[in-house]
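Here's the structure we're looking at; comments come further down.
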Amino acid sequence: MIEVENFIYRYRSLEKIFKFNELENLEIYFSKPSELNDQMENYMNIIWQGDEIAFKGLFKHYLYTLCQLYIIATIVKPGEKLDKYNLPIFIQYKDLSLPLMETTFKKIYEEFFSSNEIAEIPKLMADSQKKYSTDEILTILKTIHLYAYFVINTQIKREFFDKDLLNEDSYNKIFKEIQSWKGFKSILKLLNQNSNKQEVATQIYNLSLQQQTYQIHLKKVYKDKDTYNIDILSFEFPELYINQIKKLMYGNFCVACFSGTYKNEPMWSHYANCENGICLKFKIKNDQNKPYIKIYSPTGVYCDNNGLKIEKKWNYSILNKIDYNCEYPEIDFFKSLGCIPHPVIDSFWLCDNSKTKFSSCLDVYKDMDEWRTKYYKKAREYICTKSKNWEYEQEYRVFKMDMVHPTYEDKNNRLAKYNFEDLDAIIFGRKVSFDDKKKVIKIIQTHCKNNGQKAFKFYDLYYSTLTKQLEIKPCNDYILSFYK
């Protein structure tokens, strides 16, 4: 293995250095996507392409999740507000043999697909061989949603309680109108057209207006009740669902961000408090043109008598260079179900309801080693792709995947340590005060004593009128005298 020494940079504000003791503790903070400043972090360019069984499996899971949420709201925790940000999207293998699955859900599934209009949709989607976008799938789910809700609502009430509601004229009128609605396939055909997208969107909106009318009628039926849960179940659910099912593909991840340069003025502004901060210069190694840094960071999870624990070890972590692109990499939903037990994939998602016919999408999971290699390669692509608007950052990042909730939420579990000898220098921004420089130097002085290191490099940032860019120069002798 040929190793070539190189450098990477990390911009930090003085608040991060002093308030959170990052320099004192030699720590690198791994951020959740929501903590980063690019609003497209954690965006997945999901495409939906498959055969009839695969699309039918999507509708089956949609029905099952909605059914589970309905049961929570009406039977398990009646009177409590639903947690709409944590839908019951995960199915365990043991759940497939529960009485609910074998009886109630089977009836719901069969009644849902008893509609000829609905039953044809998965076939039409498969026959189109189209790569459906997330927005298009959401449009289709919104189209079928009220019908799905009424099927579930009717079946649960029929089996468990409140049968009187099923005899109300207003309720039955809405249900019959939805059952006979002719817009299901019309909207799908519009999505499959290659005509002007704006015109298609307008036509879909006009067709959807009738569904909104049904929603208004439904609210009148429940006029004397708290409609928070009803609104979630009957109206908000499609969007909540589409936003959360990506959890079935990839787990939580967090990242530590670096830059390939210290000369970037916007980076000093955004990440080092307008130059009232510092830039850490790290030594890194390169193996076959892959830069890496040695850090003490999470490598796994284990459980002891006190609960779930994060295991940390020293490891060589790859610094992934960000790909700045106009397009985000495609992720095939049906072939990327990495957070679902394999028996659930082939016994629920990618088979028909009788478990006698299977989707061709199941073929990619046969060789799990090969699938896993491609799966994590795709993860690196989506985590390390950003819009060209961010190209100036020259970013590199280390990322940690599959962090378990709720340990993932604890900031202490997203801290990594580095070796002091890998910190090559510190660059002070032009606005850092004399006193703050002394504080930083004092911290480094302590590390040097503890590590038997006699020298350390400190630089001041300045703007060169010769090169017309930011440059560095050694700190003046007076400042350095506090280090000796």
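Normalised by the number of residues in the chain, the mean separation of alpha-carbon contacts (under 8 Å, six or more apart) gives a relative contact order of 26 percent. For F20 and E80, FRET efficiency with R0 = 35 Å and r from the beta-carbon atoms, rounded to 0.05? Given R0 = 35 Å and the Cβ-Cβ separation, E is 0.40. Can you give me the accessible area per residue for the chain, using a 1.4 Å probe, in Å²? Result: 50 Å² of accessible area for each residue.
Put a dot 7 Å past the Cα of E41, heading toward its Cβ, do the same for D424, and the two dots end up 2.6 nm apart. Normalised size of segment 393-482, defined as Cα radius of gyration per 2.2 N^0.38 Å with N residues, equals 1.44. Per-residue ellipticity at 222 nm from helix content only, as computed over the chain with -39500 (n - 2.57) for each DSSP H run of at least four residues, stands at -11500 deg cm²/dmol.
At a threshold of 8 angstrom on Cα-Cα distance, excluding pairs fewer than six apart, so keeping six or more, what relative contact order does segment 1-125 reach in percent?
That works out to 25 percent.
Across the options L14, M101, Y132, the greatest Cα extent toward the positive end of the charge dipole of segment 1-132 (unit charges at beta carbon of Lys, Arg, Asp, Glu) belongs to M101.
Taking a Cβ cut-off of under 12 Å around A119, the surrounding Lys, Arg, Asp and Glu residues balance to a net charge of -2, with basic ones at +1 and acidic ones at -1. Estimated from the Cβ-Cβ distance and a Förster radius of 22 angstrom, the FRET efficiency linking K309 and S31 is about 0.50. The magnitude of the dipole of the chain, with charges of +1 and -1 set on the Cβ of Lys/Arg and Asp/Glu and taken from the Cα centre, is near 1080 debye. Between S97 and K431, the modelled label-to-label distance comes to 6.5 nm, taking each label 7 Å out from Cα in the direction of the beta carbon.
Under 15 Å between alpha carbons, and skipping anything fewer than 8 positions from K123 in its own chain: which aspartates and glutamates qualify? Correct list for K123: D51, E52, D352. Using +1 at the Cβ of each Lys and Arg and -1 at the Cβ of each Asp and Glu in the chain, identify which of S114, N243, I472 lies farthest towards the dipole's positive end. The residue sitting most towards the positive pole is I472. Considering only protein heavy atoms and a probe of 1.4 Å, how much of the accessible area of the chain is carbon and sulfur, as a whole percent? Its accessible area is 49 percent carbon and sulfur atoms. For the chain, the ratio of Cα radius of gyration to the globular rule of thumb 2.2 N^0.38 Å stands at 1.22. With 28 Å as the limit, the listed pairs K285/K378; K60/K81; K81/K378; K81/K189 have K81/K378; K81/K189 beyond it between alpha carbons. A simple spin-label model places the labels of K473 and Q193 6.8 nm from each other, with each point 7 Å out along Cα-to-Cβ.
The values are calculated or read from the model by the stated rules, or taken from the named source; none is laboratory data. Owing to the predicted nature of the structure, the values given are computational and were not obtained by experimental measurement. All Cβ positions, glycine included, derive from the backbone under ideal geometry; neighbour counts span all protein chains shown. We work out accessible area using only protein heavy atoms, side chains counted, and drop any ligands, DNA or RNA first. Shrake-Rupley method; radii C 1.70, N 1.55, O 1.52, S 1.80 Å.
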